[in-house]
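First up is the structure itself, then whatever we jot down about it.
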Amino acid sequence: NAGVIQTPRHKVTGKGQEATLWCEPISGHSAVFWYRQTIVQGLEFLTYFRNQAPIDDSGMPKERFSAQMPNQSHSTLKIQSTQPQDSAVYLCASSLDGLGGREQYFGPGTRLTVL
Amino acid sequence: GDSVTQTEGPVTVSESESLIINCTYSATSIAYPNLFWYVRYPGEGLQLLLKVITAGQKGSSRGFEATYNKETTSFHLQKASVQESDSAVYYCALGRLNQGGSAKLIFGEGTKLTVSS
């Protein structure tokens with residue numbers, strides 16, 4: 001089992017450009033979570049899907065951020081018109097069924113740097 | 001709101017000494033909180049260390065223990081004798097157990113532990 005796969009591992013964008021981050025959950029897991037980690041804010045929840053349906057996007061910035069899960073094998077987080085404050089490590093996690101109390105398995109993260 | 005506060009790091013402990021990392025939580029919107037400790041070892045991803053989903057219960061793993069205390073809203077991480085290999089960043093996290101709500105985790109700020117030989 002390869003674990004949760006995130007690509008790319010590092011991404012550098014210019015201010016105003018678009019960034020798309022990819023996540024492949026563990027095979028058989030039906031839930032995908034996205035978190036963001038910065039020095040200032042720490043580890044904060046963004047959004048999650050269960051069985052490809054969006055369940056909670058309460059942590060997503062209202063503008064420029066969107067997430068999708070078009071099939072069971074991957075999810076994307078898209079940031080339009082990136083800004084320097086979007087620089088962070090974006091973590092994807094998956095769990096077996098997306099229910100409370102389950103272990104979440106984290107990927108290595110994508111480090112996004114916006115110049 | 002819901003939040004987690006843990007020992008501010010960094011923390012340095014000598015090998016074979018005891019360790020406690022404090023964690024307290026506030027779960028105003030969560031009827032049945034459950035609690036986790038995650039750890040990130042150098043060069044590795046975030047991984048679960050232990051979890052407890054029922055108040056009053058204790059979880060343990062790799063020599064670490066934590067007891068879910070609903071009265072004091074605490075979930076302190078303890079180890080009797082640390083080793084150099086325990087050097088890592090430790091995160092306390094709060095989730096909800098009830099199936100009708102969000103399964104998101106709310107993390108504390110993390111505590112960087114260095115064990116010196």
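Rounded to the nearest 0.05, what FRET efficiency do B:Tyr32 and A:Gln17 have when you use their Cβ-Cβ distance and R0 = 41 Å?
Rounded to the nearest 0.05, the efficiency is 0.45.
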Here the relative contact order (percent) of segment A:38-91, from C-alpha pairs under 8 Å and at least 6 apart, is 27
Which of the lysines could a cross-linker span from B:Lys70 if the Cα-Cα distance has to be under 24 Å and same-chain partners fewer than 8 positions apart are dropped? B:Lys51, B:Lys58, B:Lys79, B:Lys104
Relative contact order (percent, whole number), chain B, Cα cutoff 8 Å, 6+ residue spacing: 37
Of all the Cα-Cα pairs you can form in chain A, what percent are over 22 Å apart? 25
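Grab the eigenvalues of the alpha-carbon gyration tensor for the protein assembly as shown, scale each by 5, take roots, and send me the semi-axes largest first in whole angstrom.
Details: eigenvalues 173, 88, 51 Å².
Over the Cα atoms of the protein assembly as shown, the semi-axes work out to 29, 21, 16 Å.
Consider all pairwise Cα distances in segment A:44-100 and report the whole-number % of them above 16 Å.
Working: 704 of 1596 pairs.
The share of Cα pairs beyond 16 Å in segment A:44-100 comes to 44 percent.
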Give the accessible area for A:Ile55 in Å² (nearest 10); use a 1.4 Å probe, count only protein heavy atoms, and leave out ligands, DNA and RNA. 70
Within the protein assembly as shown, percent of DSSP bridges classed antiparallel, to nearest 5: 90
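Would you kindly give the portion of the calculated P(r) for segment A:68-115 that falls above 11 Å, as a percent of all Cα pairs?
Values: 846 of 1128 pairs.
Within segment A:68-115, distances greater than 11 Å cover 75 percent of Cα pairs.
With a cap of 15 neighbouring Cβ atoms within 10 Å, and only residues DSSP puts in a loop, list the trypsin sites (Lys or Arg not before Pro) found in segment A:1-74. Working shown, then result.
Numbers: sites: A:Arg9, A:Lys11, A:Lys15, A:Arg36, A:Arg50, A:Lys62, A:Arg64; in loops: A:Arg9, A:Lys15, A:Lys62, A:Arg64.
Loop-located and lightly packed - A:Arg9, A:Lys15, A:Lys62, A:Arg64.
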Computed curve, chain B, Cα-only Debye sum without solvent term, log₁₀ I(q)/I(0) at 0.09, 0.22 Å⁻¹, is -0.23, -1.23
For segment B:1-99, the per residue accessible area (1.4 Å probe, Å²) is 49
I'd like the accessible area for A:Asp56: 1.4 Å probe, protein heavy atoms, all chains in place, Å² to the nearest 10. 20
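Before anything else, pin down the relative contact order of segment A:12-115: Cα pairs under 8 Å, at least 6 apart, normalised by residue count, whole percent.
36
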Tell me: how much accessible area in total is hidden between B and A, 1.4 Å probe, Å², nearest 100? 1500
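The values are calculated or read from the model by the stated rules, or taken from the named source; none is laboratory data. Please read these numbers as outputs of a predicted model, since none were measured by experiment. Note that we place each Cβ from the backbone using ideal geometry, even for glycine, and neighbour counts take in every protein chain shown. For accessibility, only protein heavy atoms count, side chains too; no ligands or nucleic acids. Shrake-Rupley method; radii C 1.70, N 1.55, O 1.52, S 1.80 Å.
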